[in-house]
Structures are given as structure tokens and as C-alpha cells.
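Notes for the one structure printed next.
Computed from the coordinates by the stated procedures, all read-outs in this text should not be read as laboratory data. Values in this document were obtained by computation on a predicted structure and should not be read as measured data. Note that each Cβ is placed from the backbone with ideal geometry, even for glycine, and that neighbours are counted across all protein chains shown.
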Amino acid sequence: MATQFLSFLFLFAFLLSISPPSSAQQQAPSLTFSSFKSSDSPWSPGQNRILVSPNSVFAAGFQLLPSSETHYNFSVWYYNVSGSLIVWSTNKTSAVNGSASLVITTSGQLRLNDFSGQNLWPRDASGNPNSSLSLSNEGNLSFANWQSFKFPTDTILPNQIITNTTLVSKNGKYSFANSSKLLFNNTDSYWEAAKGRPFQMLQTDGKMVQNGEFFIPADFGSTDLRRLTLDDDGNLGIYSYDPDQKAWVVVWKAMQEMCRVYGTCGPNAICISDGSNSSTNCTCPPGFRPRSGGAQEGCDIKIPINNPAKTKFLPLDYVNYSSGANNTNKITARNLAECQANCSKVAKCLGFGFKYDGKGSCSLQLERLLYGYWSPGTEAVMYLRVDSSETDISNFSGMTKLLETTCPVNISLPLPPEESSTTARNIAIICTLFAAELLSGVFFFWRFLKKYIKYRDMAQTLGLEFLPAGGPKRFTYAELKAATKDFSNLIGKGGFGDVYKGELPDHRVVAVKCLKHVAGGDPEFWAEVTIIARMHHLNLVRLWGFCAEKGKRILVYEYVPNGSLDKYIFRSARANSREDGELEMGPLSENGLNPILDWGVRYRIALGVARAIAYLHEECLEWVLHCDIKPENILLGDDFCPKISDFGLAKLKKKEDMVSMSRMRGTRGYMAPEWVRSDPITAKADVYSFGMVLLEIVTGTRNFEMQGSVKHSEDWYFPGWAFEKVYKEIKVEDILDRRIKHSYDSRAHFHLVDRMVKTAMWCLQDRPEKRPPMGKVAKMLEGTVEITEPGKPTIFFLGD
């Protein structure tokens with residue numbers, strides 16, 4: 001009985017020793033000290049003690065694990081900083097309970113003992129009995145020759161040597177190996193430092209040194225606290241602490257598109273990011289269903305492929321699978337059919353990617369489909385292999401529809417009649433048929449002449465002979481009235497007229513523009529409309545038809561769903577406002593605002609608009625001036641492909657009407673100086689307007705909205721302000737759109753933004769002869785011609 005009682009007391013004492021500290025202990029004020037010596041041993045979690053650096057920036061001590069209330073890690077964290085972010089800790093496999101202790105033995109060894117007495121301190125830390133554990137101002141925990149800077153976890157601090165070190169995310173899925181590569185599961189690499197140069201050191205001013213080179217984050221030069229951290233989402237980033245916001249702000253990211261991080265979605269799934277790239281979601285491709293945990297865990301095929309010969313391919317536009325080097329076979333194919341044939345003859349080929357770049361880029365995906373993502377930057381189509389009985393259709397479209405320029409036509413010929421045994425009979429039949437055809441031909445030709453004479457007289461009476469053959473379709477007023485439901489759905493107002501949305505009997509959605517104050521008679525109007533309809537370019541809104549009856553002048557355009565450019569680049573633009581004759585409404589996000597366009601999309605929009613204007617100026621059979629280039633007349637398609645509207649309509653109005661219209665509609669900021677000087681109007685007027693739009697795309701601000709300047713409002717000039725910031729103060733960041741300024745990477749975006757700004761300055765020169773033609777402007781944006789430093793644009797006034 002006595003033995004059982006003693007055993008009970010021993011068990012009760014043991015349970016008390018391993019129990020976590022009470023809430024009263026956790027809430028007690030921390031006991032701080034500058035160094036931990038052997039005389040302070042042992043140090044247990046329940047003592048609520050911390051080691052503070054001399055500058056009081058960092059602290060070290062026992063910290064509870066986020067997912068546990070009983071286990072601790074010995075960690076280093078930011079002291080008196082919001083969130084107390086941990087920057088170093090013993091790894092999670094060496095977590096201890098409340099009975100553990102940190103001691104310095106009499107032989108000078110630093111030990112982290114668990115309840116069994118096993119030493120869990122990372123690596124051997126030995127010194128002499130007088131050695132002490134201390135924390136430097138830079139956050140380096142040291143004991144004798146041992147330093148925490150030599151054994152980083154997921155964070156690197158300023159002035160910490162990074163060379164030949166490896167960072168591991170807290171969830172253990174991602175690692176930054178050899179200071180140069182991001183790996184998923186320690187095997188698959190999805191990002192590598194530029195030119196393979198490993199990171200060496202993050203300096204206190206923000207500069208990241210890379211083996212003789214360096215790059216600079218967005219807040220270079222400030223004295224904020226900084227850190228380089230590998231986050232649990234697999235992205236490597238430099239963070240800076242903002243004391244005003246009391247939060248960590250990202251100033252550099254390795255991956256601009258989060259969907260390109262391996263492991264974001266499970267096998268077979270496709271990762272899709274929103275317009276601002278702040279969040280991602282996973283979806284299953286056609287022919288697949290999500291697993292029990294959702295598409296984030298992966299997708300399974302609905303109908304397994306048992307017979308490779310009975311399969312088909314579903315096109316997934318802008319989708320790419322990066323299944324790894326062992327599961328991706330890259331070959332060169334002369335065309336799409338050859339690439340598909342190579343995949344069809346391999347049983348384990350699950351699909352292939354084909355890039356329409358003229359180089360025959362073909363990638364066969366073998367055995368597995370991993371790391372799928374959707375991005376317009378891929379410029380490729382993934383053809384997914386499914387069973388031939390699969391009924392799902394692809395909902396990833398956009399590229400292949402633009403490539404379908406011809407329609408397949410099946411031509412079948414009747415079988416020849418059986419040979420007759422009588423030659424005379426065959427001759428008689430042939431002669432009879434020939435005579436019948438000859439007589440019928442004479443008869444129908446006579447009827448044609450009668451009809452032709454009748455319609456010729458009617459056309460002369462109505463003036464229809466001025467309408468060239470092969471022109472646009474002519475609609476009746478009644479047809480357009482029915483299509484627009486009696487012109488009830490007004491979607492825009494502009495200087496040329498009102499715009500209504502409608503649907504034709506063949507279910508095509510159209511934008512119907514009712515023109516007003518049109519100069520000239522019917523023959524001149526029809527001739528100009530026919531010229532406009534024959535202008536075909538990827539970046540021009542397509543004119544499908546017109547109406548000219550009862551004194552009405554109406555144009556029928558294709559409907560562009562995403563709305564005008566101003567709704568995406570201007571902060572002050574309202575999502576539901578419709579001004580200056582845009583053809584339609586754009587899609588709204590869940591919060592009621594349009595998505596913010598990143599630098600790559602803005603550059604593609606600017607380049608597409610430049611090419612379209614160059615086409616109007618230099619490639620059309622008849623020289624065409626737009627005379628009203630502005631963001632409201634630049635529409636965005638499904639894949640943010642720009643399309644210029646209202647081109648070719650300038651001839652329908654007089655010059656003084658154009659000036660008056662511009663003043664009334666508030667677009668005088670886009671008019672070239674020659675409009676008010678009464679100088680001859682040339683193609684250089686459009687060049688000036690494009691330059692102003694290009695500068696607005698970079699800044700995300702209207703040209704007449706005054707920015708930070710010491711000048712009075714009457715002396716302030718938008719292009720001159722931008723020139724001073726870029727070429728005098730060398731502060732290109734000051735003119736960038738502040739909504740996406742955080743994503744600006746000097747390495748990835750400097751040359752792109754520099755070309756856009758320099759090109760805009762050349763387009764905004766005061767004299768027309770100093771501005772380049774639009775063909776050269778497009779090449780300047782493409783980077784195929786050298787751009788010299790422009791002169792400063794000078795201010796001019798439109799007057800009252």
C-alpha cells in the first residue's frame with residue numbers, strides 16, 4: 001500500500017513538472033536581461049524571461065508553437081513591433097514542453113534539455129564556463145563560436161550572410177536552396193535568381209547584393225526595419241516595417257504571378273489569379289471533377305482513358321502545365337497537327353501545349369499533370385486529352401477563336417452515271433441537255449436585263465449607285481429599332497451621337513451608334529462608311545453595317561464587353577459612369593470596381609493602340625485621321641485586347657465642330673496645339689493625343705489632375721511635370737500609378753516603363769515636325785529602334 005502511494009505522489013509531481021505555465025504566469029511582465037550566463041541556469045519556459053538586444057529591437061526566449069498550448073520553441077523575434085514576428089527558432093522537430101530547460105553546463109556547453117535530458121539545441125554550441133548567450137543589435141543570437149545567423153530558418157535579416165544557406169518555409173513545403181532557387185518539396189524548381197547569381201546579403205538600405213551585382217526594392221534608402229522571408233505560400237519577399245501603418249509592407253517579390261508557384265493547386269487542377277494577383281483560386285479543367293477536399297487538393301478524371309485510340313483533345317487557351325523535367329517532353333513541330341500526332345501515338349501522353357509563335361514550340365505532358373495555371377502571358381494553348389465520349393466543353397477560350405479565320409467546307413461530288421451501251425443515246429442526251437441549257441440561259445439573261453434596267457432606274461432615283469459593291473450590310477431602321485428594343489438600352493453618349501446596346505436576329509450583340517450633325521449628303525456618307533468597314537485590324541472596333549433612311553444616320557459596331565480604358569487606369573473613374581461615347585459597359589468585380597491592370601497588360605494595351613493608329617495612318621488605302629484619341633475611345637476585349645473606336649468619323653464633321661465638341665465633352669487635354677493655332681492638321685495631331693494617353697497609362701492619372709508640385713495651377717503642365725520627375729529629379733517611381741507601384745520591379749519593368757515614358761515625351765513635343773510618325777512610335781515601344789533622350793514638352797493654352 002505504501003509503495004502504491006509513493007508511486008502516485010511521483011506521478012503527480014511528474015505531471016505538474018510537464019504541465020504548461022498557468023495563465024497568470026503567461027500574463028506576468030517579462031523579465032528582461034542582456035545576456036544569459038551559467039549562473040542564470042536553468043532557464044525554463046515557465047519563468048517568462050526574455051533576452052533583449054542592446055537596442056531593444058530584438059528579443060529571444062521561449063515561444064509557444066502557434067498550433068499548440070503545451071510545446072515551445074526557443075526563438076528570436078522583433079521586440080515591441082506589431083505582431084512580434086519570429087525571425088529565427090529551433091526547428092519544429094525540436095519543440096519542447098514546459099519541463100524543458102536551457103542550461104550552460106560547467107564545461108561550457110549550451111544545452112536545450114527536454115524532459116528526458118536529451119539536448120535539442122541545433123548543432124553543437126560549446127565554449128568555456130564563462131561563455132554567455134547574447135543577442136546583438138542585428139538580431140544575431142550567439143554563444144562562443146555558435147551563431148544563429150549561420151543556421152537561418154525562414155528569414156534573413158540585414159547584414160546576414162546568405163551565401164550557401166537554405167531557407168525553409170514554416171510549413172516545410174518550400175525552400176530557398178543555395179540562395180538562388182525556390183524549390184517545392186526540395187525537388188521541383190519554379191524560380192531562379194537572375195543569371196543564376198545567388199543572393200549574398202540584404203543591406204540595411206534595402207539593396208540586395210548578388211555576386212557582384214545588386215537590385216533595389218521599392219523603398220530603397222529608408223531606414224525602416226527589413227527582412228527577407230520565405231512565406232508559406234512559396235513566394236520569397238523583402239518586407240519593410242511601416243511605423244505609420246504599424247504593419248509589414250512588401251517591397252519586392254520573387255514571383256509576380258502567384259499561380260506560377262508550384263503546389264498552389266493539386267494535381268490536374270488549374271490555378272487562376274484575380275486582376276490584382278492578390279488572391280488565387282483552383283478550378284478543374286473540363287472532363288475532371290474536384291476531389292473531396294476541393295480543387296485545391298486536386299482533380300480526378302471523370303471518364304478514365306482505357307483506349308488511347310478513342311480520345312480527343314479539348315483546347316484550354318492560356319493554360320500551362322509545368323509537370324517537371326521528367327514529365328515534360330519538349331519537341332519542335334511544324335504545325336499543330338504534327339504536335340497532336342506526336343501526343344496521340346504515346347499512350348501515357350495526357351495532353352500537349354502548343355505555342356503560336358511560328359517556332360513550333362510543342363510540349364508533351366506525360367504521365368501526370370502538375371502545377372497548372374492560367375495566364376495570358378503564356379501565349380500558348382493546352383490541349384487536354386480526354387475520352388472521346390466526354391461531353392464537357394472547354395470554358396478556357398480567347399486565343400483559338402481569334403485564329404479561326406476560315407470556315408471548313410465539305411464538298412462532295414455525285415457518282416458518275418453508269419456507262420450506256422448505246423453511243424447515239426448518250427449523244428442525244430448531251431445535245432438535249434445542251435440545247436435546254438442554252439435556251440434557259442437566253443431566257444434568264446433576258447429576264448436579268450429587264451430586272452437590271454428596272455433596278456438601275458430605281459438606283460439612279462434613290463442615289464444607290466454611289467454604294468460600292470462589297471460594302472457593309474445595310475440595315476433598315478425597323479430592324480435596328482427591334483434589335484435595340486426601341487432604342488431603350490442607352491450605354492453611352494458622345495460627341496458623335498448616342499450609343500445603344502442591341503441584339504441582331506442571329507444573336508450577335510451589337511453597339512448601335514446614332515450619329516448627329518453629320519455633314520454631306522447620302523453618297524458621301526455611304527462612301528465614307530464603306531471605307532471604314534473595309535479597315536480590318538485586331539485593334540480596331542469592327543463596323544458590321546449601317547442605316548441611312550428617314551434622315552437617320554446609324555452605324556452598327558461589334559460589342560466589346562470589357563468597356564473603355566479609363567475605367568481601369570483612373571482612380572477617380574466610377575465603375576458605372578458612361579461618358580464620351582464608349583460603346584458598352586465593362587464587367588465589375590465583386591467589390592464594384594474594375595480590376596487594376598498590371599504593367600505587362602498596360603504595355604500590351606499601349607502597343608496595340610500604337611499599332612492600330614499606325615495602321616490608320618500608313619497602311620490603309622486611304623489616309624485616315626482619328627482626331628479624338630483618348631482613353632474613352634479605347635475599348636478592352638475579353639482578354640484586355642485594346643480596340644480603338646470612332647475612327648474614320650472625323651471626316652463627317654468639320655474642323656470647328658471637332659474643336660467645339662472636344663471642349664464640350666472635356667477632352668481638350670488630348671488636343672494637339674495645332675488645333676488652336678489654326679495650323680494645318682496632319683497625322684501628328686493623333687501622335688500628340690496618343691502621347692498624352694500613354695503618359696496616363698503609366699501614371700494612372702488624368703492629364704488635367706494636378707500632381708504634387710510647387711507651381712501654381714495655371715503654370716502646371718502634366719507632361720512637363722513628368723519630364724522633370726524622370727529626367728531632372730531621376731525619380732521615375734514618383735510618376736508611377738500608386739495602386740501598382742508596389743509591384744514595380746526595377747529589373748523586370750525598368751526598360752518597359754522607360755520606353756513608354758520616353759516615347760510619350762517624343763509624342764508630346766510642341767511642334768508637329770518634332771514628333772515621330774506612328775509607325776516609328778510603335779517600333780519605339782517594341783524596342784526595335786533606339787530612343788534618344790527627348791526634349792522637355794512645353795505648355796500651351798487652349799483659351800476660354
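Three principal axis extents of the stretch 102-157 based on alpha-carbon atoms, in descending order, are 32, 25, 14 Å.
With a 10 Å Cβ neighbour count serving as the proxy for reagent exposure, in which order, fewest first, do L384, L102, L65 appear? Let's see the in-between values first.
On the way: L384 29, L102 24, L65 14.
So the residues, fewest neighbours to most, are L65, L102, L384.
Taking the charge dipole of the stretch 20-247 about its Cα centre, with +1 at Lys and Arg Cβ atoms and -1 at Asp and Glu Cβ atoms, the residue from F33, N211, T106 reaching farthest to the positive side is T106.
What are the trypsin sites (Lys or Arg not before Pro) within the stretch 242-336 that DSSP puts in a loop, where the Cβ has at most 12 other Cβ atoms within 10 Å? In loop regions of the stretch 242-336 (DSSP not H, G, I, E or B), the sparsely surrounded trypsin sites (Lys or Arg not before Pro) are K246, K310, R334.
Using the alpha carbon gyration tensor of the stretch 260-402, what are the three equivalent-ellipsoid semi-axes (square root of 5 times each eigenvalue), largest first, in whole Å? Intermediate results must be reported in sequence, preceding the final value.
Numbers: eigenvalues 95, 70, 39 Å².
Each semi-axis is √(5λ); the values are 22, 19, 14 Å.
Mind listing which chymotrypsin sites (Phe, Trp or Tyr not before Pro) in the stretch 105-159 are in a DSSP loop and have 14 or fewer other Cβ atoms within 10 Å? Please report the intermediate quantities before stating the final value.
Working: sites: F115, F143, W146, F149; in loops: F115.
Within the stretch 105-159, the qualifying chymotrypsin sites (Phe, Trp or Tyr not before Pro) (loop, at most 14 other Cβ atoms within 10 Å) are F115.
Extension gain for the segment A347 to S56, taken as residue separation times 0.36 nm less the Cα-Cα distance, is 98.4 nm to one decimal. Selection among N128, T223, F62 by position relative to the dipole of the stretch 20-247 gives N128 as farthest towards the positive end (Cβ unit charges, Cα centre). The lysines within cross-link reach of K348, meaning a Cα-to-Cα straight distance under 23 Å and a gap of 8 or more places when in the same chain, are K302, K310, K312, K330. Direction-averaged projected area, Cα convex hull, the stretch 20-247: 13.5 nm², rounded to one decimal.
With Cα atoms defining each centre, the stretch 157-191 and the stretch 492-555 are spaced 59 Å apart in the structure. Each listed q (0.13, 0.20, 0.29 Å⁻¹) maps to a log10 I(q)/I(0) for the stretch 143-190, found by the Debye formula over equal Cα scatterers with no solvent: -0.31, -0.66, -1.10.
Given +1 at the Cβ of Lys and Arg, -1 at the Cβ of Asp and Glu and no other charges, the dipole of the stretch 260-402 around its Cα centre is 360 debye to the nearest 20.
How fast does the stretch 178-248 diffuse by Stokes-Einstein, in µm²/s, taking the Kirkwood radius from C-alpha pairs at 37 °C and 0.692 mPa s?
Values: Rh = 13.4 Å.
This corresponds to a translational diffusion coefficient of 245 µm²/s.
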